[in-house]
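Asker: First, the structure itself, so that you have it in front of you.
Rule-based calculations on the coordinates, nothing more; no lab input. None of the values given here were measured: they were computed from a predicted structure. Glycine also receives a Cβ, built like all others from the backbone with ideal geometry; neighbour counts cover every protein chain displayed.
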Amino acid sequence: PFLQQVVADQFQGTPIKGVFMPSLRIVKAGGFYKSQLSALFTPQLTEVDKFSLGFNSFVQLSLPKLLVTGKCAFRNSGQLTHFAALNLETLATYCFADCLNLEVVLAPNAAIEDMAFENCVKLHTISAKTADFKCKCQKCPKCEERLEQCLERGKFCTKYVKEYQTEQLDLLKFDLLVI
């Protein structure tokens, strides 16, 4: 539990259901790639590198201190529905690509890079600092021209979350807000 950094490919492909690493700050490229993770408790995590947490089984992720994501950081995490990282600065290219069940992304300080939400067909709530990005998947809110609605919902949710935020955010409350 006192590990502060996961090195590149350290747990890649290792069948792990949950991680309790309260001191972890950095996950390098491929660190937990395809590890079958469904639970992640890393309240000090500030940086996730490219492909570091992709192809996992998370349903909800709250990363209160996360600042940086690498390309494809959460890609193809097919069970992921809710993501919150209120201090995140950038949603990197392909960050959530192919997260087919993703519904809510709250990252009010983040700029969204191109293709960040490629094929995120269920996404209906986004909170971000800037949303000037490109996509060509024809399935995400940007391509379906419903991005503005998503951003409006995101503003409301972010306000609510900031008012009631705890160290480990209870993402279940979002379900009531984003129906």
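Asker: Subtracting the Cα-Cα distance from 0.36 nm times the residue separation, let me have the gained length for Ser38 to Gln79 in nm, one decimal.
Answerer: 13.9 nm
Asker: Sticking with this one: Give me the net charge for the shell around Met115: Cβ to Cβ below 9 angstrom, other residues only, Lys and Arg +1, Asp and Glu -1.
Answerer: Around Met115, the charge tally is -1.
Asker: By per-residue mean of other Cβ atoms within 10 Å, what is the highest-first order of 10-16, 50-56?
Answerer: Listed from highest to lowest mean packing, they are 50-56, 10-16.
Asker: Report the full-extension gain for the segment Asp114 to Lys134: residue separation times 0.36 nm, less the Cα-Cα distance, to one decimal in nm.
Answerer: Separation in residues times 0.36 nm, less the Cα-Cα distance, equals 6.7 nm.
Asker: Give the total of Lys-Lys pairs in segment 13-146 with Cα-Cα distances below 18 Å; include a pair only if its members are 8 or more places apart or on different chains.
Answerer: 16
Asker: If you count, for each residue, the other Cβ atoms within 10 Å and average over each peptide, how do 22-30, 104-112 line up from highest to lowest?
Answerer: Highest to lowest by the protection proxy: 104-112, 22-30.
Asker: How much length, in nm to one decimal, is gained on full extension between Asn87 and Phe156, taken as 0.36 nm per residue of separation minus their Cα-Cα distance?
Answerer: Taking Asn87 through Phe156 to full extension adds about 23.1 nm, to one decimal.
Asker: Counting other beta carbons within 10 Å of each Cβ, put Phe20, Phe41 in order, fewest first.
Answerer: By the 10 Å Cβ count, ascending: Phe20, Phe41.
Asker: Normalized C-alpha radius of gyration of the chain, against 2.2 N^0.38 Å?
Answerer: Dividing the Cα radius of gyration by 2.2 N^0.38 Å gives 0.94.
Asker: Something else now. How big, on average over all directions, is the shadow cast by the Cα convex hull of segment 32-76, in nm²?
Answerer: Computed as one quarter of the Cα hull surface, the answer is 2.7 nm².
Asker: Calculate how steeply helix 147-164 sits against the longest principal axis of the alpha-carbon atoms of the chain, using the helix alpha-carbon long axis, and give the answer as 0 to 90 degrees to the nearest 10.
Answerer: 60 degrees
Asker: Once you keep just the Cα pairs under 8 angstrom separated by 6 or more residues, what percentage relative contact order results for segment 5-163?
Answerer: 13 percent
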